[in-house]
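Engineer: Here you go, one structure.
The numbers here are math on the coordinates, done by the rules we state, and not lab data. Predicted, not measured: the structure shown is a model, and the values here were computed from it. Positions of Cβ are backbone-derived with ideal geometry, glycine not excepted, and every protein chain shown enters the neighbour counts.
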Amino acid sequence: MKGMFSIYMCVAAILLLKTSCFESNNISYEDAVVINDIDGNKYKTIKIADQYWMAENLSVKHYSNGDPIKNFPTDDEWKNAGNKEIGAWSYYENDSTMDMLYGKLYNWYAINDERGLCPKGWKVPSDEDWIVLEKYLGMPNNESKQLLIERGVNENIGGKIKSKGTSHWDHPNSGATNQSGLYALPGGGREIGGMFYYRGNLSEFWTSTDIDWISAIYRVVGFDGYGIARGESLKHFGRSIRCIKEEK
């Protein structure tokens, strides 16, 4: 691991989507249904092995019961929302034009709200849901639970998740093939104090799994990395969300 991705992990300790069935190196996916959230936003979905994932980042402004998720644009508002454990969202740099491509950034308290974020029958994936996906893409068992390091480098797990090219990703977007069909885009994130960071460099996704009362697990892929990191951080951070279909 090197470059900005390496530095970030140490410090932090949608458009084109391939259609039809794709098979390569024992990885396969196929297009699934288009789903709607409570606000009417439409999302492409993808079937990867036995899992169904949203192939775009969540962009909803309301919980599943219709109550609004609060938007806290200023730095102080964002910080206070985290301190008070209030669910929050924002656009990257409070620029609404970012929404179409990258979706919204949410703190973890929005995920933990009992009113729910995802469309009916869908949920925010747990750490274990991500591990199932990663193992299907080739993640070694002995690396799956490692924290704060880039995992699956030799297997190019991160590259299989990232969208191709450098139209959105900064150069070199190492190993990017999008073999999974997830089309991860570098939407960056938002820190505890409200500062936005690393759009073009990083794609970060919350899981629904927390570690303790103040920290939770997330995933991150970087523009100069081949693997995917399993990180932990304060729940105040703003990150992207993908939903996964609930098992019947």
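Engineer: Which Cα, out of L117, S163, N65, lies furthest along the positive dipole direction of the chain (beta carbon charges, K/R +1, D/E -1)?
Structural biologist: It is S163.
Engineer: Calculated from DSSP H runs of 4 or more alone, at -39500 (n - 2.57) each and per residue, what is the 222 nm mean residue ellipticity of the chain, nearest 500?
Structural biologist: Helix-only estimate at 222 nm: -4500 deg cm²/dmol.
Engineer: Here's another thing I want to ask about it. Could you name the lysines whose alpha carbon sits less than 22 Å from that of K104, not counting residues in the same chain fewer than 8 places away?
Structural biologist: In chain and number order, the partners are K42, K44, K61, K70, K79, K84, K120, K123, K162, K164, K235, K245.
Engineer: Place the peptides 98-111, 60-73, 117-130 in order of packing, highest mean first, counting for every residue the other Cβ atoms within 10 Å and averaging per peptide.
Structural biologist: 98-111, 117-130, 60-73
Engineer: Based on DSSP, what percent of beta bridges with both residues in segment 173-248 are antiparallel, to the nearest 5?
Structural biologist: 95 percent
Engineer: What FRET efficiency do you get for S96 and I211 if R0 is 30 Å and r is their Cβ-Cβ distance, rounded to the nearest 0.05?
Structural biologist: 0.35
Engineer: To continue, here is another question. Using the Karplus equation 6.51 cos²θ - 1.76 cosθ + 1.60 (θ = phi - 60°), what ³J(HN,Hα) coupling, rounded to whole Hz, does each residue of segment 48-58 give in order, writing x for Gly and Pro?
Structural biologist: 10, 6, 9, 9, 10, 10, 5, 9, 9, 6, 4
Engineer: Ok, one more. How large is ³J(HN,Hα) for each residue in segment 85-101, as worked out from phi by the Karplus curve 6.51 cos²θ - 1.76 cosθ + 1.60 (θ = phi - 60°), to whole Hz, x for Gly and Pro?
Structural biologist: So the Karplus estimates, Gly and Pro as x, are 6, 9, x, 8, 9, 7, 6, 4, 6, 6, 9, 5, 5, 6, 5, 4, 8 Hz.
Engineer: If you work out Cα extents along the principal axes in Å from the coordinates, which of (1) 82, 37, 26; (2) 46, 38, 34; (3) 71, 47, 31 do you get?
Structural biologist: Computing Cα extents along the principal axes in Å and matching it to (1) 82, 37, 26; (2) 46, 38, 34; (3) 71, 47, 31 gives (2).
Engineer: With +1 on each Lys and Arg Cβ and -1 on each Asp and Glu Cβ, how big is the dipole of the chain about its Cα centre, in debye rounded to the nearest 20?
Structural biologist: Its charge dipole is roughly 360 debye.
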